[in-house]
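What follows is a single structure, written as structure tokens, with notes after it.
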Amino acid sequence: MPLPTHFISHGGGPWPWVPQMAAEFAPLAASYRALADSLQQKPKAVLMISGHWETESFAVQHCKRPPMVYDYSGFPPETYEVRYPAPGAPELAEDVAQRLHRAGLPTRLDDTQGYDHGTFVPMSLLFPEADVPLFQVSLQHGYDPAAHWEMGRALAPLRDDGVLIIGSGLSYHNLRLFGPEAREPSEGFDQWLQQALQLPPEVRRSAILNWEQAPFARVSHKKEDHLAPLFAILGASEQDKAEVTYHQKMIFGGVTASSFRFG
């Protein structure tokens, strides 16, 4: 039985370590705990596709002990001392790189990239003991939906081998439009996204690959780095039905955000 895949909204910055933000994102934290509880057993490894790592070609994290990447600013000093010491998965990384090469996708191994906050924030709540091997695959510059879909297709067989594949982004990501003005575009785009993900597989593929035609698409995603992980997740889950696992309104005074499970 293949493991499900997930596209998760990962919140803002190091929110679990900032009390006011942690209170606001309590429903998101609960959704992560529910995700972990839904697994029959701990996965062999977690493969994370984060909106916070992109490269010219696809890259696969190859470190035995990846360092930390504090890719946020303006937060309390203690949030720059957070550690998530999960081991990497270099052998799996090599297998993934080979799969992507065979799919005709430009790919390299990366021996220096650390865990960015799109990875270590959700993982600190999913597996707080940091005892599951963890590695990342980057996005490719340009965010071509079809290329990322093909990347997901190449990764799909890992689901049968006990690897949990997670796309970590945000269903709404416009850092210049928060508060009440974000309410209409984030709700509108979220409603379209939920409807599109329930379509039959081939129709769903067409809708998502042409996501820019959606209501409020370019207002919700000026730059689609936080949506692109979904393209890969859908490639790895083409025939699987979508289920909403998190839905919250009025975040930061107006934002609507969601997460989804496939399979």
request  = Return the distance in nm (one decimal) between the two label points of a simple spin-label model at Gln41 and Gln194, each offset 7 Å from Cα along Cα→Cβ.
outcome  = 3.6
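How long is the gain from Phe252 to Ala26 if the chain were fully straight, where each residue apart is worth 0.36 nm and the alpha carbon distance is subtracted?
Numbers: separation 226, 0.36 × 226 = 81.36 nm, distance 1.32 nm.
Extending this stretch completely gives an extra 80.0 nm.
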key: region 118-263, relative contact order in percent, only Cα pairs under 8 angstrom and at least six apart counted   = 34
ask   = Antiparallel as a % of all DSSP beta bridges within the chain, to the nearest 5?
value = 35
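Compute the Rg/Rh shape ratio of region 13-132: radius of gyration over Kirkwood radius, all on alpha-carbon atoms.
Values: Rg = 15.4 Å, Rh = 15.6 Å.
Taking Rh as the inverse mean 1/r over Cα pairs, Rg/Rh reads 0.99.
Summing -39500 (n - 2.57) over the DSSP H runs of n ≥ 4 in the chain and dividing by its residue number, what mean residue ellipticity at 222 nm do you reach, to the nearest 500 deg cm²/dmol?
-10000 deg cm²/dmol
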key: region 98-218 - Rg and Dmax from Cα coordinates, angstrom   = 16.8, 47
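So how do Tyr80, Tyr72 line up by other beta-carbon neighbours within 10 Å, fewest first?
Values: Tyr80 13, Tyr72 16.
By the 10 Å Cβ count, ascending: Tyr80, Tyr72.
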query = Which order results if Glu202, Glu54 are arranged by neighbouring Cβ count within 10 Å, fewest first?
reply = Glu202, Glu54
key: the chain shape via C-alpha gyration tensor axes, a/c threshold 1.5   = rounded
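Given Cα pairs under 8 Å that are at least 6 residues apart, what percent is the relative contact order of the chain? Intermediate values should be presented prior to the final figure.
Values: 523 pairs, mean separation 79.0, N = 263.
Relative contact order, the chain: 30 percent.
Computed from the coordinates by the stated procedures, all read-outs in this text should not be read as laboratory data. No experiment lies behind these values; they were computed from the predicted model shown. Using ideal geometry, Cβ is built from the backbone for each residue, glycine included, and neighbour counts are taken over all protein chains shown.
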